[in-house]
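All of the numbers you see were taken from the coordinates with simple rules; none came from a lab. Model, not experiment: these values are computed from the prediction. FYI the Cβ positions are ideal-geometry reconstructions off the backbone, even for glycines, and counts take in every protein chain you see.
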Amino acid sequence: MKVNKNKYIVAVDGPAGSGKSSVCRRVAIEMGAKYIDSGAIYRAITWYFMDKHGDDLLTENIIDQLNNVNIEQIFEKNGDIKTLLNNKDVSKAIREEKIAEKISFFSDNMEIRDYVTSLLRKWSKENFIIMDGRDIGTVVFPNADLKVYLDASVDVRTERRVKEYAELGKKVDENSIRNQIIKRDFNDENREFGPLKKSNDSVYLDTSNMSFNDVIEKIIELIKSNK
Ligand code: DC
């Protein structure tokens with residue numbers, strides 16, 4: 001939502017593994033914007049409940065419990081992003097596979113989505129914001145100044161994820177990563193509240209055959225021609 005004339009919001013949505021986070025971080029650094037990673041909030045909430053209750057997924061008093069939680073995100077000058085939950089740095093813990101396995105239970109919940117949406121809007125005080133997620137251009141900032149939908153084929157996204165794990169020294173089974181991506185696409189596209197969908201006013205970028213730098217350049221060009 002535009003708050004004043006100088007405010008500029010870029011909403012970047014797209015499926016898991018489409019490169020949103022790396023792309024947004026780099027664009028934010030190059031353009032001097034603040035990057036906000038909305039997925040990390042859903043991850044932090046999942047981490048909190050799993051840490052507290054193990055695998056007993058809660059359905060009651062979720063919001064009351066969230067009142068005891070303080071989530072913060074720090075976008076550092078070098079492009080790193082830190083997520084803090086009650087002052088504890090959970091940035092690494094929220095990237096574990098067990099979080100991704102359980103996250104849809106929380107990200108499908110309407111009360112949690114409303115809570116996260118308010119938080120995201122509250123965090124967007126700076127004039128120049130780049131935020132990525134699944135429903136940023138549709139629900140969180142339907143009046144964003146620029147909306148980008150980043151996509152890539154399942155094969156390319158699988159390849160990227162396997163490479164990311166390899167860089168972390170983790171050897172993973174390619175087929176299980178592919179299946180996880182297909183399952184997350186299904187969850188993201190079919191959730192009742194805030195599903196992943198391309199809005200008519202977003203710029204669609206299929207990055208399957210684009211280099212990382214090409215994607216950055218394209219988005220910077222879009223911002224410059226639109227700002
Ligand atoms: O972007 P990510 O993979 O870190 O997101 C983690 C999960 O959070 C993903 O499974 C979908 C969910 N999510 C969401 O429902 N809405 C958003 N705006 C961002 C993420």
*Using a 10 Å cut-off on Cβ atoms, rank the peptides 205-212, 9-16 from the highest mean neighbour count down.*
9-16, 205-212
*asked:* Give me a comma-separated list of calculated 3J(HN,Hα) values for the stretch 129-138, in order, Karplus coefficients 6.51, -1.76, 1.60 applied at θ = phi - 60°, integers in Hz, x for any Gly or Pro.
replied: 10, 10, 10, 10, x, 10, 10, 5, x, 9
_Whole-angstrom gap from the stretch 181-205 to the stretch 55-74, using each part's C-alpha centre_ = 24 Å
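With a ≥ b ≥ c the root eigenvalues of the C-alpha gyration tensor of the stretch 104-227, is it rounded (a/c under 1.5), prolate (a/b larger than b/c) or oblate?
Oblate shape, in that a/c is at least 1.5 and b/c is the bigger or equal ratio.
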*Compare the peptides 144-152, 217-225 by average per-residue count of other Cβ atoms within 10 angstrom and give them in order, highest first.*
144-152, 217-225
*May I ask for the Kirkwood hydrodynamic radius of the chain, worked out over all distinct Cα pairs and given in angstroms to one decimal?*
18.0 Å
_In the stretch 62-148, if the dipole is taken from +1 on Lys/Arg beta carbons and -1 on Asp/Glu beta carbons about the Cα centre, which of VAL148, TYR115, GLN73 is farthest to the positive end?_
GLN73
*Value of [θ]222 nm, deg cm²/dmol, for the chain, DSSP H segments ≥ 4, -39500 (n - 2.57) each, nearest 500*: -14500 deg cm²/dmol
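For an R0 of 35 angstrom, estimate the FRET efficiency from the Cβ-Cβ distance between LYS125 and LYS98 and round to the nearest 0.05.
Working: r = 33 Å, r/R0 = 0.95.
Once the sixth-power term is evaluated, E becomes 0.60.
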*Provide the net charge surrounding LYS171, with neighbours chosen by a C-beta distance below 15 Å and charges set as Lys +1, Arg +1, Asp -1, Glu -1.*
-3
*Multiply the residue gap between VAL203 and LYS82 by 0.36 nm, knock off their C-alpha separation, and tell me the result in nm, one decimal place.*
40.7 nm
_Residue-by-residue Karplus 3J(HN,Hα) for the stretch 206-221, coefficients 6.51, -1.76, 1.60, Hz, glycine and proline x_ = 8, 8, 3, 10, 10, 7, 3, 5, 4, 5, 4, 4, 4, 5, 4, 4
*asked:* Need the list of aspartates and glutamates near LYS7 for cross-linking: C-alpha distance under 13 angstrom, and skip anything on the same chain fewer than eight residues off.
replied: GLU126, ASP145
*asked:* Straight-line reach only, C-alpha to C-alpha below 19 angstrom: list the aspartates and glutamates that LYS171 could link to, leaving out same-chain residues fewer than 8 apart.
replied: GLU96, GLU97, GLU101, ASP155, GLU159
*Which percent, nearest 5, of DSSP beta bridges in the chain are antiparallel?*
30 percent
*What nm value, rounded to one decimal, do you get for the distance between ILE220 and MET110 when each label is placed 7 Å out toward the C-beta?*
4.4 nm
*Within the stretch 1-84, which GluC sites (Glu not before Pro) sit in a loop by DSSP and count at most 15 neighbouring Cβ atoms inside 10 Å?*
GLU60, GLU76
*Calculated from backbone phi, Karplus (6.51, -1.76, 1.60) coupling profile of the stretch 101-117 in Hz, x at Gly/Pro*: 5, 9, 4, 5, 4, 8, 6, 8, 7, 4, 5, 5, 4, 5, 4, 5, 4
*Which of the aspartates and glutamates could be linked to LYS88 by a straight reach, that is with a Cα gap under 13 Å, when you skip same-chain ones fewer than 8 residues away?*
ASP51, GLU72
_Under 8 Å for C-alpha pairs, at least 6 residues apart: give me the relative contact order for the stretch 115-226, rounded to a whole percent._
35 percent
